[in-house]
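Reading through the structure tokens given below for one structure.
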């Protein structure tokens, strides 16, 4: 797991994933893909029992990168929300609504 925009630290059985796109940590396809890959790798690790999602900068996450989304839609690409699936390990984050949306997007990518 080596991504410029994500850091992973371990503390016993807890993995701490930090989004590193300060100050706003906007979500886009690349960051969601990197988060999904990181979570998939942690899911395969039997020593990982919980994941904490954190962020560097002023905001945990200011939402999606709207500029990138508009550019994608102009090219004819569409966002289709996925069904929510349970996570095998608890995920703790400061904002439950953003976390649910992030989990949905990550699970959608993982199921492709």
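With r as the distance between the Cβ atoms of residue 14 and residue 74 and R0 = 41 Å, compute the FRET efficiency 1/(1 + (r/R0)^6) and round to 0.05.
0.50
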* Under a plain spin-label model, where a point goes 7 Å from the Cα along Cα-to-Cβ, how far apart in nm are residue 4 and residue 41? -> 1.7
* Which of the peptides 3-14, 65-76 is most tightly packed, and how do the rest follow, judged by the mean count of other Cβ atoms within 10 Å per residue? -> 3-14, 65-76
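All of the numbers you see were taken from the coordinates with simple rules; none came from a lab. Since this is a predicted model, take the numbers as computed values, not measurements. We place every Cβ from the backbone using ideal geometry, glycine too, and count neighbours over all the protein chains shown.
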